[in-house]
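**Student:** Can you keep this structure in mind? I'll have questions shortly.
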Amino acid sequence: MADNNTIARPYARAVFELASEKKALAGWSMALDSARDLLADGRVAKFLANPARTDEKRLEFLSDLFRSAAGEKSVLAGGDQQGTNFVKLLLEYGRVSVLPEIAGHFEALKAAVENTVDVTVTSAAKMSSDQEKTIVAALEKRLGRNVNLSTEIDENLIGGAVIRAGDVVIDGSLRARLEGLANALTA
């Protein structure tokens, strides 16, 4: 059986092409992101998995859910016929559960076209806005892309930071340096 990423990739590509044609990347991005969050709820997955429910009932449920989460004009909430058709297609082929992966692949395609990269900086303490600006400038120069920065705090790092930008991980944490030193001493 294929994994969810393998299944999701062609759906994401098709939705991306549709959104690009309609110049609606932002709308689709918000709708898919909202769908990803909603489908992470185990109760939603349980409701959708119930074989006693018809696809029409599932579509009605999802449309109401997307509408309440993202607003009346959400692409997936019935505000767009193509969005509704997309959800119907996923329901028909039993693929609604891969919506989170579709959203992830869609965002990767969108980021490539917009020349952006999402970066997460995990630090031991809250960073100042000057530190954030310095990191953004350095990463934009190194990666050659616009950086969307998000920050997290992990007190276990002791000091320093871990930067994740796509497949690139830069571990400048004090914890990693101490572990490296300990490994060098025991080797």
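**Student:** By how many degrees, between 0 and 90 and to the nearest 10, does the Cα long axis of helix 55-70 differ from the longest principal axis of the chain?
**Tutor:** Around 50 degrees separate the two axes.
**Student:** How big is D for the chain, in µm² s⁻¹ as a whole number, if Stokes-Einstein is applied with the Kirkwood radius of its Cα pairs at 20 °C and 1.002 mPa s?
**Tutor:** My calculation gives 113 µm²/s for D.
**Student:** ASN4 label point, 7 Å along Cα→Cβ, cut-off 19 Å on backbone N: hits in region 88-122?
**Tutor:** 88-109
**Student:** On to the next question. For region 4-111, what is the convex hull volume of the alpha-carbon atoms per residue, in Å³?
**Tutor:** Roughly 86 Å³ of hull volume per residue.
**Student:** Over region 4-111, what relative contact order in percent results from Cα pairs under 8 Å that are six or more residues apart?
**Tutor:** With pairs under 8 Å counted, the relative contact order is 43 percent.
**Student:** Which of the three applies to region 103-146, rounded, prolate or oblate, going by the alpha-carbon gyration tensor with a ≥ b ≥ c and a/c under 1.5 meaning rounded?
**Tutor:** oblate
**Student:** What's the tally of Lys pairs in the chain whose alpha-carbon atoms lie under 16 angstrom apart, where the two lysines are 8 or more places apart or on different chains?
**Tutor:** Lysine pairs meeting both conditions in the chain amount to 7.
**Student:** Another question, then. Can you run phi through the Karplus equation (6.51, -1.76, 1.60; θ = phi - 60°) for region 141-155 and list ³J(HN,Hα) in whole Hz, with x for Gly and Pro?
**Tutor:** Once θ is set to phi - 60°, the couplings for region 141-155 become 5, 5, 8, x, 9, 6, 10, 9, 9, 10, 10, 9, 10, 9, 5 Hz.
**Student:** Can you compute the FRET efficiency between ALA176 and LYS23 using 1/(1 + (r/R0)^6), with r the Cβ-Cβ distance and R0 = 45 Å? Round to the nearest 0.05.
**Tutor:** 0.55
**Student:** Over the alpha-carbon set of region 116-186, work out the extent along each principal axis and list the three values in angstrom, largest first.
**Tutor:** 42, 23, 16
No lab work stands behind these numbers, since they all come straight from the coordinates. From a predicted model like this one, the values you see are computed outputs, not experimental measurements. Positions of Cβ are generated from backbone atoms using ideal geometry, with glycine treated the same way; all protein chains shown enter the neighbour counts.
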